[in-house]
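The values are calculated or read from the model by the stated rules, or taken from the named source; none is laboratory data. This structure is a prediction, so every number in the text was calculated from the model and none was measured. Just the protein is used for accessible areas: all its heavy atoms, side chains included, with ligands, DNA and RNA removed. Shrake-Rupley method; radii C 1.70, N 1.55, O 1.52, S 1.80 Å.
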Amino acid sequence: MDILAILLGAVMVLWGADKLTEGATVLAQKMNIPQIVIGLTIVALGTSMPEFFVSFVSALKGTADLAIGNIVGSNIFNVMAIVGIAAMVSPMIISKSTVKKDIPFALFASVALFVMSIDGKISRIDGILLLIAFGGFMWYTLRLAKTGEVEDSTERRNDLPVWKIAFFILIGLGSLIGGSNIFVDGATNIARTLGVSEAVIGLTIVACGTSLPELATSVVAARKGQSAIAIGNVIGSNVFNILLILGTTGTITPLLMSGITMIDMGLMLLSMVLLWLFSFTKYTLSRWEGALLTTIFCGYITWLVINV
């Protein structure tokens, strides 16, 4: 029953994120909000909604390890598994804007979280600082958008009636909340039954489950030959995960990191460093570099399983 709860919760969360994003995007278009703003805010946040609600609900229920493990695991999975596999299938061309702005900012967010985790907790002050950094990231991104330095690739679709937009937003939000509760309860029960820590469950099952929107978005983009969109989606999601999600969660309720080790945090940081180094000089990610990222990820998962 707990496994079914995880599957049901994951389906509800992913479906809810899709409907909420679609409704909010069309609503913004009808209100004549610039298309680039929609892509950089609503769409980017939409793919991070599963992580947000699962981590938020986990924190409120007192399972902080599940909340933090979800974010750390998702960021590791995003870079090493999603980007790594995509690069093995087809070498990825990375835009200069991504290399010079997005990846360094995602690396900064990872460093900030690593430093904050040294004392074993994410305090309210830490959460507030992360939210301030997120505000700075959005301000800088939107400023670049106004000067034309950021390309817009979001397709317009404003043919939905107002009632359907409202329905999508409400049903999407409700599905996210309900699915997150079911998902967290199922994962927590399995962890307790098997004697596995909530941190490990968060780093693996929960992290991979909540990263499905990023995986789906990146696979579709890669199949269309839009590698810049694929990697941009992953990097943007990593920034949202740390600065917005942990920032909001930590501000509301301090998070103790009893089960998250410095190895977990260090690998998250290493993944961003490797991605930045690989893409910095030639603005591409080759097949062997993707294979190296994927191999490290497989080794990490194996290490987690062995040390359960």
- Starting at the first residue of region 99-106, write each ³J(HN,Hα) from the Karplus equation 6.51 cos²θ - 1.76 cosθ + 1.60 with θ = phi - 60°, in whole Hz, x for Gly and Pro. 5, 8, 10, 5, 5, x, 5, 5
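Of K61/K96; K101/K121; K121/K282, which ones are farther than 32 Å apart at the Cα?
Working: K61/K96 42 Å; K101/K121 28 Å; K121/K282 38 Å.
Pairs exceeding 32 Å: K61/K96; K121/K282.
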- Message: Using protein chains only and a probe of 1.4 angstrom, how many square angstrom of K101 are accessible, to the nearest 10?
- Response: 20
- Query: Using modelled amide H (1.01 Å from N, peptide plane; none on Pro or chain starts), what sits under 5 Å from the amide H of T284, excluding residues fewer than 5 places away?
  - Reply: I94
- Compactness relative to 2.2 N^0.38 Å, alpha carbon Rg of region 257-308: 1.33
- Query: Given H placed on each backbone N at 1.01 Å, which residues far from K121 in sequence or on other chains put an amide H within less than 5 Å of it?
  - Reply: M257
